[in-house]
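See below for the structure under consideration.
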C-alpha cells in the first residue's frame, strides 16, 4: 500500500477506522490505499505563528482600551473637580447655583420627521433675577467663546434652557466670561 513516508501508521489506522465505519453503515467506502495529507511542519509552524500574533493583537487591543478608559475616567475627575471649583467661583461673584448638570429635552424636525434631543449643561445659575447657563471649561482652547464649537454649544444652551445669558467659566484662569448674541436672540 503506497503511503507517505512517516505517516504510514496514521494512514493505516485511519483506513482501519474508515473501513469499520463503512461496515457498520456509518460512512462511505474509503479505499485502503487512500493517502491522507497531514499538515506539514511548515504549516503547523505558520498556524502557530498566526495564533501567537492573534493573541498579541488581542492583548494590545485590550491594553489600549484600558488606557482609553483610564484617560476618560481621569478627564471626568478633572471635570467634576473643575465644576465644584466653578460653583465656588460663581458663588463668590454673587451667582446662585440652581442646578448641577441640568438636562432639558426638546424636539427637532428633520425632513418633517420629529426627533427628540437633549442638552446637558454644567450649571444653571441665577443672578439679579436673570437665568444663566454656565459652561465650565478646563482646557487651553475650549474657554475661548469665539471658537465655533463653543459658540454653537452656547447658542444651543441658550435656546434649549431659555436662559437670559451664557457664562463660560475658565477654570485655568479662574475667570467668568458673559457671552451674548445680540441680533440673534
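What the table below lists for this structure:
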read-out: Residue tally, condition more than 12 Å from residue 168 (Cα to Cα) and either outside the structural domain of residue 170 (by TED's automatic domain parsing) or touching a helix residue (DSSP H, G or I) at 6+ places or on another chain (Cβ under 7 Å) (or both), over region 103-123; value: 3
read-out: Filtered residues of region 129-152 (kept if closer than 17 Å to residue 101 by Cα, surrounded by fewer than 19 Cβ atoms within 10 Å (Cβ to Cβ) and out of contact with any helix residue (DSSP H, G or I) (no Cβ under 6 Å at 6 or more places or on another chain)); value: 131
read-out: Which numbered condition residue 65 fails, given (1) at pLDDT 75 or above; (2) on the phi > 0 side of the Ramachandran plot; value: (2)
read-out: Looking only at region 97-116, and only at residues there that are within 25 Å of residue 130 (Cβ to Cβ) and in a strand (DSSP E or B), the one that is nearest to the chain's Cα centre (by Cα); value: 103
read-out: Residue 90 being surrounded by 12 or more Cβ atoms within 10 Å (Cβ to Cβ), assigned by TED's automatic domain parsing to the domain that holds residue 154 and either at pLDDT 95 or above or in a strand (DSSP E or B) (or both); value: yes
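The values are calculated or read from the model by the stated rules, or taken from the named source; none is laboratory data. Small disclaimer: the values here were computed from a predicted structure and weren't measured. Every residue, glycine as well, gets a Cβ built from its backbone with ideal geometry; the counts of neighbours run over all protein chains shown.
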